[in-house]
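Since the structure comes first, as structure tokens, the remarks are kept for the end.
The values are calculated or read from the model by the stated rules, or taken from the named source; none is laboratory data. Predicted model only: the values in this text are computed from it and were never measured. Glycine also receives a Cβ, built like all others from the backbone with ideal geometry; neighbour counts cover every protein chain displayed. Remember, those area values only see protein heavy atoms, side chains included, never the ligands or the DNA or RNA. Shrake-Rupley method; radii C 1.70, N 1.55, O 1.52, S 1.80 Å.
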Amino acid sequence: AAGHPGAEQKSGARGLSAALAGMRPSLWPWLPGLQRDPMAGSGALGGGAGGGQSAGTGQGATLRGPRAPLLLVVLALGAYCLCALPGRCPPAARAPAPSAAPTEQSRSGRRPGAPDLPVASGSGHRRFPQALIVGVKKGGTRALLEFLRLHPDIRALGSEPHFFDRCYERGLAWYRSLMPRTLDGQITMEKTPSYFVTQEAPCRIHGMSPDTKLIVVVRNPVTRAISDYAQMLSKTPGLPSFRALAFRHGLGPVDTAWSAVRIGLYAQHLDNWLRYFPLSHFLFVSGERLVSDPAGEVGRVQDFLGLKRVVTDKHFYFNATKGFPCLKKAQGSSRPRCLGKSKGRPHPRVPWALVQRLQDFYRPFNRKFYQITGQDFGWD
């Protein structure tokens, strides 16, 4: 039955088996005690001293090896596999009636937020976000959100709801129930960086409101990829090297199948968004300038949102230890505050030759991005 603990365990086991069987061939040497059997069907797992194995379908690979090494590998890869699986949806602030995702008919027949959706009572209302920080991961989205929350006319959801990529089936009423209450004249915001690289997100956000303002924090795609890898490595210390993941077989061409590389193809992702929103609905924030001149970049965002420039240089100081700007006074506190330990972590050393290869790879994509946005971010 759906929701039964046993069913969840079986589903998790199947997902883990599929993840192991589907790993790139270049990563097999990294798995101790496992060997590929080219004659076996796909997705089969060998087990036991007797060498028994389950049958699969089609051409693929069988994992063979003693049970103990296999168990150790499964445990070691647990965190790695979970990073690639969809996360849980956040709990709702209240329990509205189930609402189906908007259909084409509902998009054309009425505007979301009409009276037939429940509206919270009390001090202010829960509203759909008028502005979203949609990307990019490791670009500086958390810093920007924390800086903006100093503004009295901005109310932002602190966590990432992942509604338009992972939790869309929960419906718009559920999504709105997550939002903070706002008064008239205040702006509701949320940030989920994975929206920018999610194929379905632009259409879904347009269905919620075609007037949504979209903020994208971008950063040099090479340093962004290295920062992304540093985060992965902090969660899964046994990962292969950056070279092994960024280049096919460690020596070949750049591997765009790896998410850390693929996210940096900003022009390609933006093309998808421009099918639904005009360029005037976007603001592109420089992740580099957000560090060197936070007040200037936050000022641009306040202008874009039609707000008075309340957050200014008097709110920031530079923390030399973290190499990052911090807030002199955080929201709801009289004490200075920097972002958490996960922000500003040291990057692993990547050979300069690999950095240059990545720079050469990204250069045409960067130039196209500059041309579309009308901004030169100076990455080349």
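Looking at G207, G185, can you tell me which residue is more than 28 Å from R289 (Cα to Cα), small (G, A, S), open to solvent by less than 10 Å² (accessible area, probe 1.4 Å) and over 13 Å from the mean Cα position of the chain (by Cα)? Can you show your working first?
Values: G185 fails: open to solvent by less than 10 Å² (accessible area, probe 1.4 Å).
Within the list G207, G185, the selection yields G207.
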For this session: Could you tell me whether E146 is within 18 Å of the chain's Cα centre (by Cα), of a type outside the set (A, V, I, L, M, F, W, C) and buried (at least 23 other Cβ atoms within 10 Å of the Cβ)?
Result: no
For this session: Scan segment 364-380 and report the pairs whose first residue is closer than 17 Å to E288 by Cα and in contact (Cβ under 8 Å) with a residue 60 or more places away in the chain and whose second residue is part of a helix (DSSP H, G or I) and among the β-branched types (V, I, T), with Cβ atoms within less than 8 Å and a gap of 6+ or a chain change.
Result: W379/V222
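For segment 286-326, name all the residues that are assigned to a helix (DSSP H, G or I) and without any contact (Cβ under 8 Å) to a residue 60 or more places away in the chain.
Filtering segment 286-326 down to residues assigned to a helix (DSSP H, G or I) leaves 287-292, 294-304, 313-315.
Answer for segment 286-326, where residues must be assigned to a helix (DSSP H, G or I) and without any contact (Cβ under 8 Å) to a residue 60 or more places away in the chain: R289, S292, A295, G296, G299, R300, D303, D313, K314.
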Problem set entry | Of residues in segment 149-162 being touching a residue at least 60 places away in the same chain (Cβ under 8 Å), open to solvent by less than 30 Å² (accessible area, probe 1.4 Å) and touching a strand residue (DSSP E or B) at 6+ places or on another chain (Cβ under 9 Å), the one nearest to P346 (Cα to Cα) | P161
Exercise. So is E190 crowded, with 22+ Cβ neighbours inside 10 Å and of a type in the set (D, E) or not?
Worked result: yes
Exercise. Does any residue of segment 164-173 turn out to be touching a helix residue (DSSP H, G or I) at 6+ places or on another chain (Cβ under 6 Å), among the aromatic types (F, W, Y) and open to solvent by less than 10 Å² (accessible area, probe 1.4 Å)?
Worked result: yes
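Of the residues that make up segment 278-301, is at least one of a type in the set (A, V, I, L, M), in contact with a helix residue (DSSP H, G or I) (Cβ under 6 Å, 6 or more places away or on another chain) and more than 15 Å from G139 (Cα to Cα)?
Pass one, segment 278-301, residues of a type in the set (A, V, I, L, M): 279, 283, 285, 290-291, 295, 298, 301.
Within this subset, residues satisfying the condition of being in contact with a helix residue (DSSP H, G or I) (Cβ under 6 Å, 6 or more places away or on another chain) are 283, 285, 290, 295, 298.
Next, from what is left, pick out any that are more than 15 Å from G139 (Cα to Cα): 295.
Scanning segment 278-301, I find at least one residue that is of a type in the set (A, V, I, L, M), in contact with a helix residue (DSSP H, G or I) (Cβ under 6 Å, 6 or more places away or on another chain) and more than 15 Å from G139 (Cα to Cα), so the answer is yes.
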Exercise. Only one of these conditions is not met by F324: (1) aromatic (F, W, Y); (2) modelled with pLDDT of 95 or more; (3) open to solvent by less than 90 Å² (accessible area, probe 1.4 Å). Which number is it?
Worked result: (2)
Problem set entry | Within segment 231-260, tally of residues that are touching a residue at least 40 places away in the same chain (Cβ under 8 Å), surrounded by 19 or more Cβ atoms within 10 Å (Cβ to Cβ) and part of a helix (DSSP H, G or I) | 3
Problem set entry | Selection from segment 261-273 of residues that are in a helix (DSSP H, G or I) and open to solvent by 10 Å² or more (accessible area, probe 1.4 Å) | R262, Q268, H269, D271, N272
